[in-house]
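Trainee: Attaching a single structure in structure tokens format; questions to follow.
The values are calculated or read from the model by the stated rules, or taken from the named source; none is laboratory data. Fair warning: this is a prediction, and the values are worked out from it, not measured in the lab. Neighbour counts are summed over all protein chains in view; Cβ atoms, including those assigned to glycine, are modelled from backbone coordinates with ideal geometry.
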Amino acid sequence: MTTLTDQRSAVQEASVAPGGSSFVTVLLGVIVMIPVLFGSGFVSVGNIQIASATAAAKDFLAFAIQAHEVVPGITTIPGIAKDGAAKPKPATAVPTSGNYGWTDAGSSWHSKLPSAAGPFIGIIEDAAKSKNVDPRLVAALFWYESGFQPRICSGKGACGLGQLMPGTATGLGVTDRSDPYQNAQASARYIRIQLNRFGRLDYALAAYNAGPGAVTRYGGIPPYPDTIRYVPDVTRIFVKLGGKVSSGAKR
């Protein structure tokens, strides 16, 4: 059975194949096939009425015409890879009931932190307040990322409380990633940027771990084993510290 994807692939191949049919020829061929594929009825393209009875036919015709007009001589159809496979859809922000902004959470959650966190509680709260992030979320990140060890570095080159990569740190104005204050300020700012960009906690955490580009490419949490573990683990720590997860962001 011929599918809409098959039809799109046919248009793509014809438009790039050496000596292939012109766009008009291919489009006319598709028009001729529409009655067979979709049944009777009429769709208007310009001043021409074309037999068809379904919205799918209209969508395809509009798609083909738009693709040719916007990018004459296209070599790929938008949203379809050269091998015909669908490209990942970009992530879209999902409205939630909270934005994980600064809140005066009191001090009861401090006792739930490991002893190593003690010297950095003030720094965490200061960074969280200045960047408008829930302090328990910043603490959860640091607990998972470094265990509150400011001088620790990973094998991949991430360093400090929030395990910032060199490029990320430089972009955020950090000159010394082992400086707890600089690292905390930058890490809080970075997670705030991701929360604003993606609008939900799980995507923001995935972006913190794997980069916002990966979240956008995959339309959500990337299928990286480390990231798949990271998102629920950090979220559980946040909840353990008394944080609330808004609807639309999975635990």
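Trainee: Go through segment 151-169 and give me each residue that's in contact with a strand residue (DSSP E or B) (Cβ under 9 Å, 6 or more places away or on another chain) and not small (Gly, Ala, Ser).
Mentor: Kept after step one, since they are in contact with a strand residue (DSSP E or B) (Cβ under 9 Å, 6 or more places away or on another chain), are these residues of segment 151-169: 151-153, 158-160, 163, 165-166, 169.
Scanning segment 151-169 gives Arg151, Ile152, Cys153, Cys159, Gln163, Met165, Pro166.
A quick yes/no check of all residues on (1) at pLDDT below 55; (2) more than 26 Å from Pro222 (Cα to Cα):
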| residue | (1), (2) |
| --- | --- |
| Lys87 | yes, no |
| Ala91 | yes, no |
| Ser107 | no, yes |
| His110 | no, yes |
| Ala139 | no, no |
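Trainee: Hey, another quick one. If I filter segment 200-211 for residues that are acidic (Asp, Glu) and under 15 Å from Ala140 (Cα atoms), do I get at least one hit? I'd like the intermediate steps shown before the answer.
Mentor: If we filter segment 200-211 for residues that are acidic (Asp, Glu), which is where we start, we get 202.
Still in the list and also under 15 Å from Ala140 (Cα atoms): 202.
Scanning segment 200-211, I find at least one residue that is acidic (Asp, Glu) and under 15 Å from Ala140 (Cα atoms), so the answer is yes.
Trainee: Quick check on this structure: which one of Arg229, Arg217, Arg192 is closer than 24 Å to Asp104 by Cα, of a type in the set (Lys, Arg) and at pLDDT 95 or above? Let's see the steps before the verdict.
Mentor: Values: Arg229 fails: closer than 24 Å to Asp104 by Cα; Arg217 fails: closer than 24 Å to Asp104 by Cα.
Just a single option satisfies the conditions, and that option is Arg192.
Trainee: Let me ask you something else. Can you tell me which residues in segment 215-234 are in contact (Cβ under 8 Å) with a residue 12 or more places away in the chain and among the β-branched types (Val, Ile, Thr)? Break it down stepwise before answering.
Mentor: Pass one, segment 215-234, residues in contact (Cβ under 8 Å) with a residue 12 or more places away in the chain: 215-222, 224, 226-227, 230-234.
Selection gives Val215, Thr216, Ile221, Thr227, Val231, Val234.
Trainee: Go through segment 138-153 and report how many residues are in contact (Cβ under 8 Å) with a residue 40 or more places away in the chain, over 15 Å from Asn209 (Cα atoms) and surrounded by fewer than 22 Cβ atoms within 10 Å (Cβ to Cβ).
Mentor: 0
Condition check ((1) within 21 Å of Thr216 (Cβ to Cβ); (2) free of Cβ contacts under 8 Å to residues at least 40 places away in the same chain) across all residues:
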site: Gly155; (1), (2): no, yes
site: Leu161; (1), (2): no, no
site: Leu164; (1), (2): yes, yes
site: Gly167; (1), (2): yes, yes
site: Gly171; (1), (2): yes, yes
site: Asp179; (1), (2): no, yes
site: Gln185; (1), (2): no, no
site: Ala188; (1), (2): no, no
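Trainee: Could you list all residues from segment 197-214 that are surrounded by fewer than 21 Cβ atoms within 10 Å (Cβ to Cβ) and touching a residue at least 40 places away in the same chain (Cβ under 8 Å)?
Mentor: Arg197, Gly199
Trainee: Is it true that some residue in segment 115-137 is under 13 Å from Tyr208 (Cα atoms) and either more than 25 Å from the chain's Cα centre (by Cα) or surrounded by 16 or more Cβ atoms within 10 Å (Cβ to Cβ) (or both)? Steps first, answer last, please.
Mentor: The initial filter retains those residues of segment 115-137 that are under 13 Å from Tyr208 (Cα atoms), namely 137.
Those still in the list that are either more than 25 Å from the chain's Cα centre (by Cα) or surrounded by 16 or more Cβ atoms within 10 Å (Cβ to Cβ) (or both) too: 137.
Yes, segment 115-137 contains at least one residue that is under 13 Å from Tyr208 (Cα atoms) and either more than 25 Å from the chain's Cα centre (by Cα) or surrounded by 16 or more Cβ atoms within 10 Å (Cβ to Cβ) (or both).
Trainee: Can you pull out the residues in segment 232-251 that are aliphatic (A, V, I, L, M), touching a Leu at 6+ places or on another chain (Cβ under 7 Å) and modelled with pLDDT of 95 or more? I'd like the intermediate steps shown before the answer.
Mentor: Let us first name the residues in segment 232-251 that are aliphatic (A, V, I, L, M), namely 234, 237, 239, 241, 245, 249.
After this cut, where a residue has to be touching a Leu at 6+ places or on another chain (Cβ under 7 Å) as well, the list is 234, 245, 249.
Residue satisfying the conditions is Val234 alone.
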